Amino acid sequence: MAGSILGNIFKISTWGESHGKAVGVVIDGCPAGLDLCEDDIQTFLDRRKPGTSQFTTPRKENDEVEILSGVFEGKTTGTPISLLVYNKEQRSIDYSEIASYYRPGHADYTFDAKYGFRDYRGGGRSSGRETIGRVAAGAIAIKILDRLGIRINAYSKEIGGISIDYSRFDAKECNNNPFYMPDSVAAAAIEDFAAQKRAEGDSVGGVIECVIKGVMPGVGETVFEKLDANLAKAIMSIGACKGFEIGDGFEVSKSLGSTNNDSFTVNDGKLDKKTNHAGGILGGMADGSDIVFRAAFKPTPSISKLQRTVNKSMEEIDVSIKGRHDPMVVPRAVVVVESMAAITLVDLIFMNMTSKMDEIVSFYKR
């Protein structure tokens, strides 16, 4: 299988299956001298692990990370960092029935079409557990960005069609509800709606919004390695993501040049913008203002509600999918979005270091 590696200089390669022995990631291109221990990574993995509320899968996994290489005496060595998380509560028997048919909304059919067979235990590589490697690598990328004063904050903007009210926005509220939502009123409404759909054997989708502060102007390349294009690729590579927009996104199609353009101004002696319709990126490069993007996530396709499908004998059948599944993807995907944004930014920041000859000379002749 190709396609499990992301990045040019700061590279990650995730590996493992949902019901295999373990999952993990190898990170190549991390500079030496970064303080790093397992607790730094565990903090982020704890945000995505299952079994934390009635609105996540009841599968109980501690998701405890082990650093296998690339760290010595609490600091990165500059060599590849290998991280591992064991799968300890697989119940593959829950999935034995689905080996004979194709689940609606899943990659069952496409895996069969591509490889001639598939790992039906929880979806194999297309399972949400693959994101463990992304989050573990993202924790390292976020530590690098912290050193540069760059902050990433993602949250649930909308779930089941119920959206936050920005007049009630409170970032601290994200930790007070199971949806990682900065609006307590919206979160309460979602809890009632999601509980109802869960009781009906159904699931719900939603939107994650992400705001990145402190990115220096010029990060990103101008043609095939645009910052917004690479962010789109990274976020859209998350299994359940079906849409991506940056700045005003699809709303720009209804706008005019005179209203969509962000006017430049001078603020405290520095160049600034009066508005941010562009979402912090111009010509594929960061413009110094906040980078704002949103990602749409589909409802979890594994539902117990009766669905129509086809088995391998080409017979139409009704199915009710068994197993332990998230009634919604969005809350656990928030940290995945932050991680993928961080990985993308670090890679392009490292690429940006070769943009000016005088800076290269300054670095090596200092």
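The values are calculated or read from the model by the stated rules, or taken from the named source; none is laboratory data. Since the model is a prediction, treat every value here as computed from it, not as a measurement. Every residue, glycine among them, receives a Cβ derived from its backbone with ideal geometry; neighbour counts consider all protein chains shown. These area figures cover heavy atoms from the full protein model, side chains too; ligands, DNA and RNA do not enter into them. Shrake-Rupley method; radii C 1.70, N 1.55, O 1.52, S 1.80 Å.
Filter region 215-240 down to residues that are at pLDDT 95 or above and under 20 Å from the mean Cα position of the chain (by Cα), then give me how many there are.
The qualifying residues number 16.
With Thr259, Thr222 as the choices, which residue is under 15 Å from Asn352 (Cα atoms) and surrounded by fewer than 18 Cβ atoms within 10 Å (Cβ to Cβ)? Let's see the steps before the verdict.
Details: Thr259 fails: under 15 Å from Asn352 (Cα atoms).
Of Thr259, Thr222, the one residue that is under 15 Å from Asn352 (Cα atoms) and surrounded by fewer than 18 Cβ atoms within 10 Å (Cβ to Cβ) is Thr222.
The conditions are (1) in contact with a Cys (Cβ under 6 Å, 6 or more places away or on another chain); (2) assigned to a strand (DSSP E or B), and Val310 fails exactly one of them. Which is it?
It fails just one condition, (1).
Lys312: surrounded by fewer than 18 Cβ atoms within 10 Å (Cβ to Cβ), among the basic types (Lys, Arg) and out of contact with any Lys or Arg (no Cβ under 7 Å at 6 or more places or on another chain), yes or no? Full working, then the answer.
Numbers: surrounded by fewer than 18 Cβ atoms within 10 Å (Cβ to Cβ): yes; among the basic types (Lys, Arg): yes; out of contact with any Lys or Arg (no Cβ under 7 Å at 6 or more places or on another chain): yes.
For Lys312, the condition - surrounded by fewer than 18 Cβ atoms within 10 Å (Cβ to Cβ), among the basic types (Lys, Arg) and out of contact with any Lys or Arg (no Cβ under 7 Å at 6 or more places or on another chain) - is met.
Considering region 318-366 alone, what residues qualify as being open to solvent by less than 10 Å² (accessible area, probe 1.4 Å) and on the phi > 0 side of the Ramachandran plot?
Selection gives nothing.
Looking only at region 86-109, count every residue that is closer than 23 Å to Gly24 by Cα, modelled with pLDDT under 85 and surrounded by 19 or more Cβ atoms within 10 Å (Cβ to Cβ) and tell me the total.
Residues flagged as closer than 23 Å to Gly24 by Cα, modelled with pLDDT under 85 and surrounded by 19 or more Cβ atoms within 10 Å (Cβ to Cβ) within region 86-109 amount to 1.
Which members of region 147-174 meet the condition of being touching a residue at least 12 places away in the same chain (Cβ under 8 Å), more than 18 Å from Glu338 (Cβ to Cβ) and assigned to a helix (DSSP H, G or I)?
Hit for region 147-174 is Arg168, nothing else.
Tell me whether region 341-364 contains one or more residues that are part of a strand (DSSP E or B), in contact with a strand residue (DSSP E or B) (Cβ under 9 Å, 6 or more places away or on another chain) and not hydrophobic (A, V, I, L, M, F, W, C). So that I can check it myself, show each step before the final result.
Step one: list which residues in region 341-364 are part of a strand (DSSP E or B), which gives none.
There is no residue in region 341-364 that is part of a strand (DSSP E or B), in contact with a strand residue (DSSP E or B) (Cβ under 9 Å, 6 or more places away or on another chain) and not hydrophobic (A, V, I, L, M, F, W, C).
Given the condition part of a helix (DSSP H, G or I), in contact (Cβ under 8 Å) with a residue 24 or more places away in the chain and either among the hydroxyl-bearing types (Ser, Thr, Tyr) or buried (at least 19 other Cβ atoms within 10 Å of the Cβ) (or both), answer yes or no: does some residue in region 194-211 qualify?
Looking for residues that are part of a helix (DSSP H, G or I), in contact (Cβ under 8 Å) with a residue 24 or more places away in the chain and either among the hydroxyl-bearing types (Ser, Thr, Tyr) or buried (at least 19 other Cβ atoms within 10 Å of the Cβ) (or both), one finds at least one in region 194-211, hence yes.
Looking at (1) modelled with pLDDT of 95 or more; (2) surrounded by 19 or more Cβ atoms within 10 Å (Cβ to Cβ); (3) under 29 Å from Asp347 (Cα atoms), which one does Asp183 not meet, given that it meets all the others?
(3)
Would you confirm whether or not region 7-14 contains a residue that is farther than 18 Å from Val346 by Cα, touching a residue at least 60 places away in the same chain (Cβ under 8 Å) and of a type in the set (A, V, I, L, M, F, W, C)? Walk me through how you get there before you give the answer.
Here is the first cut: in region 7-14, the residues farther than 18 Å from Val346 by Cα are none.
The answer is no, given that none of the residues of region 7-14 is farther than 18 Å from Val346 by Cα, touching a residue at least 60 places away in the same chain (Cβ under 8 Å) and of a type in the set (A, V, I, L, M, F, W, C).
With the checklist (1) assigned to a helix (DSSP H, G or I); (2) buried (at least 21 other Cβ atoms within 10 Å of the Cβ) in hand, flag the one item Arg121 doesn't pass.
(1)
Within the group Asp112, Asp28, Asp119, Asp63, which residue is modelled with pLDDT of 85 or more, in contact with a helix residue (DSSP H, G or I) (Cβ under 9 Å, 6 or more places away or on another chain) and of a type in the set (Asp, Glu)? Talk me through it step by step, then tell me what you get.
Numbers: Asp112 fails: in contact with a helix residue (DSSP H, G or I) (Cβ under 9 Å, 6 or more places away or on another chain); Asp28 fails: in contact with a helix residue (DSSP H, G or I) (Cβ under 9 Å, 6 or more places away or on another chain); Asp119 fails: modelled with pLDDT of 85 or more.
Exactly one of Asp112, Asp28, Asp119, Asp63 is modelled with pLDDT of 85 or more, in contact with a helix residue (DSSP H, G or I) (Cβ under 9 Å, 6 or more places away or on another chain) and of a type in the set (Asp, Glu), namely Asp63.
Applying the selection to region 1-27, what residues are touching a Phe, Trp or Tyr at 6+ places or on another chain (Cβ under 8 Å) and of a type in the set (D, E, K, R)?
The one that is touching a Phe, Trp or Tyr at 6+ places or on another chain (Cβ under 8 Å) and of a type in the set (D, E, K, R): Lys21.
Based on this model, can you work out whether Ala278 counts as closer than 29 Å to Thr14 by Cβ, aliphatic (A, V, I, L, M) and surrounded by 19 or more Cβ atoms within 10 Å (Cβ to Cβ)?
On the way: closer than 29 Å to Thr14 by Cβ: no; aliphatic (A, V, I, L, M): yes; surrounded by 19 or more Cβ atoms within 10 Å (Cβ to Cβ): yes.
No: the conditions fail for Ala278.
Name the residues in region 103-116 that are under 26 Å from the mean Cα position of the chain (by Cα) and assigned to a loop (DSSP other than H, G, I, E, B), would you?
Arg103, Pro104, Gly105, His106, Ala107 - these are the residues of region 103-116 that are under 26 Å from the mean Cα position of the chain (by Cα) and assigned to a loop (DSSP other than H, G, I, E, B).
Just to be sure, is Ala22 in contact with a Ser or Thr (Cβ under 7 Å, 6 or more places away or on another chain), more than 19 Å from Met340 (Cβ to Cβ) and open to solvent by 10 Å² or more (accessible area, probe 1.4 Å)?
no
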